[in-house]
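Undergrad: Sharing a structure, written as structure tokens. Questions coming.
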Amino acid sequence: MKNESRKTLKLIALFIFTGLLLGGFTTSGAFANVKYFKAARAKFGKTVVKNCKYCHVKMLPKKDDHELNERGKWLLEQKKKRKAKDIDVSWLEEYNKKDR
């Protein structure tokens, strides 16, 4: 009986730890920009938005190393100018037109 309750407690602790671990990864900034990448790709297509370098310097930016290229910096400026809570990838239509 004692062994069974110990195993149950260990199993519960493992589930809690796993949940906290996964929750921490998904709510941390590690995946914050994936939603922008997916939204930009859906709007402009896979041939235009091939990877993260569409807005970043590196192809696979990290949470602590995510330098933006000119397009990414422009998006951040737009967010501030518009006093928006979030970036809207449709603003990129304006960015793309400014070079023409």
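Undergrad: Select from the stretch 36-96 those GluC sites (Glu not before Pro) which occupy a DSSP coil region and have at most 16 other Cβ atoms within 10 Å, ordered by residue number.
TA: Glu67
Undergrad: Then there is this: If amide H atoms are built 1.01 Å from N in the plane of the peptide, which residues on other chains or at least 5 residues away come under 5 Å of the amide H of His56?
TA: Asn69
Undergrad: What residues qualify as long-range amide H neighbours of Val49, i.e. H under 5 Å apart, gap of 5 or more or another chain, H built at 1.01 Å from N?
TA: Amide H neighbours of Val49: none.
Undergrad: Determine the alpha carbon to alpha carbon distance for each of Lys50/Lys97; Lys62/Lys83; Lys58/Lys83; Lys63/Lys97 and list only those over 24 Å.
TA: With Cα atoms farther than 24 Å apart: Lys62/Lys83; Lys58/Lys83; Lys63/Lys97.
Undergrad: Okay, moving on. Using each residue's phi in the stretch 50-67, evaluate 6.51 cos²θ - 1.76 cosθ + 1.60 at θ = phi - 60° and report the 3J(HN,Hα) Karplus result to the nearest Hz, with x for Gly and Pro.
TA: Result, ordered by residue: 7, 7, 5, 5, 4, 10, 10, 6, 9, 5, 10, x, 9, 4, 9, 8, 9, 4 Hz.
Bear in mind that the values in this text are calculations on the coordinates, not laboratory data. Quick caveat, the model's predicted, so the values are computed rather than measured. Here the Cβ is made from the backbone with ideal geometry for all residues, glycine too, and neighbour counts use every protein chain on show.
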